[in-house]
Ligand SMILES: C[S@@+](CC[C@H](N)C(=O)[O-])C[C@H]1O[C@@H](n2cnc3c(N)ncnc32)[C@H](O)[C@@H]1O
């Protein structure tokens, strides 16, 4: 015979079921809305590609149903995120002034929300329009200038320190090359984070189509100072390196002038 549930157990099972139903409902609603908003876009544009990735949860989903967007474990895992935050903080505090910040490809803004206080004026941009609209409301109290823009095509805002974290690894070489041409005119410093093979002398900058996957799967990774990008910087320094998934997530500081 099945033992009767006591009231407490029945109550907590009921709450779990309701929150599960709520989560499924919110997620389905989000996918429908984003698919609808994606419909008018050129399906090969960066905007359509990354809107689709978020709508379908290609980088996973947050266990918190209120997190509408999830940029992947590299944006949430404390083992990856904390050393990054510490190294950005150490660099920013070493400057003789409080710099303005430019977050290029801000994603779900989980990382951005942790470093925003280090900066004076802060601009955060991403190519996914519905996510930027969502951030303007959800992170209103962070006093951030959220903008929808494509860092490989649109004019870049001005700032002392630009940060592009695990974004270029998703882009084609054409897109990266356009970004490399524009960035020294936008920022004095660039903090760039890329997921790279853990082996010395890996073949850099093997081309790929823009999308959710990265060059690591082909044994390659982005090195901005190597051909075909040849980024010109007066100084370059590694800020941190964290092993992750048969590779290493490397954060590099570039100074342009
Ligand atoms: C893996 S997520 C990283 C998000 C964030 N930087 C972080 O570290 O948590 C990559 C982000 O770059 C954005 N992105 C990709 N291509 C872009 C482009 N051309 N212009 C602006 N944002 C772009 C994507 O929409 C996505 O939010």
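For residue 66, the criteria (1) within 20 Å of residue 55 (Cα to Cα); (2) assigned to a loop (DSSP other than H, G, I, E, B); (3) within 13 Å of the chain's Cα centre (by Cα) hold in every case but one, which is (3). Give me the residue from the range 42-57 that is more than 28 Å from residue 255 (Cα to Cα) and within 10 Å of the ligand (Cβ to nearest atom) and, out of that set, surrounded by the fewest Cβ atoms within 10 Å (Cβ to Cβ). Filtering the range 42-57 for residues that are more than 28 Å from residue 255 (Cα to Cα) and within 10 Å of the ligand (Cβ to nearest atom), the one surrounded by the fewest Cβ atoms within 10 Å (Cβ to Cβ) comes out as 45. Is it fair to say residue 145 is within 12 Å of the ligand (Cβ to nearest atom), within 18 Å of the chain's Cα centre (by Cα) and either crowded, with 19+ Cβ neighbours inside 10 Å or in the same structural domain as residue 194 (by TED's automatic domain parsing) (or both)? No.
Would you check which residues across the range 85-108 are within 14 Å of the ligand (Cβ to nearest atom), touching a strand residue (DSSP E or B) at 6+ places or on another chain (Cβ under 8 Å) and either within 14 Å of residue 125 (Cβ to Cβ) or not in a helix (DSSP H, G or I) (or both) and list them? Residues satisfying the conditions are 101, 102, 103, 104, 105, 106, 107.
Checked against (1) farther than 19 Å from residue 194 by Cα; (2) within 13 Å of the ligand (Cβ to nearest atom), residue 77 passes all but condition (1). For the range 128-142, the candidate set comprises residues that are closer than 21 Å to residue 46 by Cβ and part of a helix (DSSP H, G or I); within that set, the residue that is nearest to the ligand (Cβ to nearest atom) is 131.
The values are calculated or read from the model by the stated rules, or taken from the named source; none is laboratory data. The structure displayed is predicted, hence computed values, not measured ones. For neighbour counting, all protein chains shown are included, and Cβ atoms are generated from backbone atoms with ideal geometry for every residue, glycine included.
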